[in-house]
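Working notes, structure below.
The values are calculated or read from the model by the stated rules, or taken from the named source; none is laboratory data. Computed from a prediction, not measured in an experiment: that's the story for all the values here. Every residue, glycine among them, receives a Cβ derived from its backbone with ideal geometry; neighbour counts consider all protein chains shown.
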Amino acid sequence: MLTKETHNTGNVWTHHFPRHHLLAACGISLAATLLLAVLPDSVVAYRVQELEPSPAPAVAPAIETPAAEITTAPVEIDPWLHLTVRKGDTLSSLLQKTGLDTNAIHELTNSSKDAQKLASLNLGDELDVLMKDGAVQELRLRRSKLDSLSVTRTGDKYESKQVTLIPEVRYSYAAGTIDSSLFLAGQKAGLNDRMTLKLADIFAYDVDFLQDIQQGDSFALLYEELYLDGQSIGQGNIVSAEFTNQGKTYRAVQYTNKNGTTSYYTPDGNIMRKQFLRTPVDFAKVTSYFSLNRKHPILHKIRAHKGIDYGAPTGTPIRAAGDGTVVFAGVRNGFGNVVMIQHGGVYTTLYGHMSKIGVKKGARVNQGQVIGAVGMTGLASGPHLHYEFHVNGTAVNPLANMNVAMAEPLSKTEKANFDKTTAALFSQMKEFAAGTIPQKSQQVALGDTDKNREPQIR
């Protein structure tokens, strides 16, 4: 209620409010004054404009896009057909999957000597085929990460190119002690089974890995790690190694002589390779020894057993015990499928009960070459290899005649080069074993690694 009062100071209109309303009004006024003094003009103006009502925004009409105008990102289609060689596959059966007929396949595989190698496929090989207008435009066969063969169509002809990449080589060290088996010890040391077999092959002339291995035997080796573009692609060769069996230590080092032949030698320059392998079947079990008074398991009568029986699954590879010439390959009496190899003029080896014969009479074979597979043909109670060793036509105990002849020793000139070349390897192996070089440092073994990685194309 407004009233007009008369005071000495003049006429004043007054409004009667409660005291707390007046105090609140004063506080709001003071705060507003301070805020306006602090904020910039643009902010003040914006705040003032917010107080003014704004017209409702105009709603744009929805525009329908025709289905034909909707586009998606193109999907890239691999023009190559990728094939992997499986059991039973042939080049012809694989290429028929591309729609090629037998004439086109024959034309491709006989276009060059390199192209003819396409017919020799191995399990796991990768075959990439690029088709165009119903014909092969390019074919690539990758046998490994390092070796590949390509055949490219140019006009009406094919051009072939074989590429071999040279990896960077680094050295690594591994060591282990046998608790239950050599393979388990190798796995614990970081070796794959192929490397463990290589280790056994090196010392196979001195150590019988079927009979002599004991708990506590140990090994150590310096080996190659292979790298391509900075990525590990596997393990290479063993360059030096040692194996301790029943307290006796054997040592070996890899050396390439002036003729380009690579072999393993003892530290004093004697070749590890003997004329004959101790066992022609890897890691088989001896089921019967050489004996002149053995009771035959099938005939059940005393009959001389003039060899050693190695029990192994059917199909296990059998290797030639030494270099020589096949003098017999066929069926013979109770031995079933048999191969006989003549080694010079004195020694002959016999391999019986084979499931498969892999060589022909008159063929030259090398030590370690696969000549057949374990079986149970003839008079056999189970799959095994019957192995005989003859000296001048007489069967003798094979285990007593494995080291009858060694290779010729190194010449003086070759021995000097051997000592110079291998000294660094033995020294580096000792440094690894002592911990001077960490086992996984993988030191570069070859000098010019960039040069070593250049592909060889022919």
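Things worth noting here:
- Only strands (runs of 3 or more DSSP E) whose full extent lies in the range 299-376 are considered here, and the ones with at least 1 residues that are basic (Lys, Arg) and either under 34 Å from the mean Cα position of the chain (by Cα) or modelled with pLDDT of 95 or more (or both) are 317-319.
- Restricting the search to strands (runs of 3 or more DSSP E) fully inside the range 203-288 and requiring at least 1 residues that are free of Cβ contacts under 8 Å to residues at least 12 places away in the same chain and surrounded by fewer than 21 Cβ atoms within 10 Å (Cβ to Cβ) gives 231-245, 248-256, 262-265.
- Within this structure, residue 157 passes the test of being among the basic types (Lys, Arg) and either in contact with a Phe, Trp or Tyr (Cβ under 8 Å, 6 or more places away or on another chain) or farther than 30 Å from residue 237 by Cβ (or both).
- Those residues of the range 149-174 which are polar (S, T, N, Q), in contact with a strand residue (DSSP E or B) (Cβ under 9 Å, 6 or more places away or on another chain) and within 15 Å of residue 136 (Cα to Cα), in sequence order: 150, 152, 160
- Every residue from the range 242-283 that is closer than 16 Å to residue 419 by Cα and under 24 Å from the mean Cα position of the chain (by Cα): 253, 254, 262, 263, 264
- Among the residues of this structure, residue 123 counts as one that is out of contact with any Cys (no Cβ under 7 Å at 6 or more places or on another chain) and closer than 29 Å to residue 235 by Cα.
- All conditions but one from (1) farther than 25 Å from residue 238 by Cα; (2) at pLDDT below 90; (3) aromatic (Phe, Trp, Tyr) apply to residue 387; the one that does not is (2).
- Tabulated pairs, the range 379-402, first over 10 Å from residue 353 (Cβ atoms), second acidic (Asp, Glu) and surrounded by 15 or more Cβ atoms within 10 Å (Cβ to Cβ), C-beta under 6 angstrom, 6+ apart or interchain: 395/388
- Selected residue (criterion: surrounded by the fewest Cβ atoms within 10 Å (Cβ to Cβ)) from residues of the range 186-200 that are without any contact (Cβ under 8 Å) to a residue 40 or more places away in the chain and touching a Leu at 6+ places or on another chain (Cβ under 9 Å): 189
- Residue in the range 154-187 that is farthest from residue 247 (Cα to Cα), counting only those that are among the charged types (D, E, K, R) and under 17 Å from the mean Cα position of the chain (by Cα): 168
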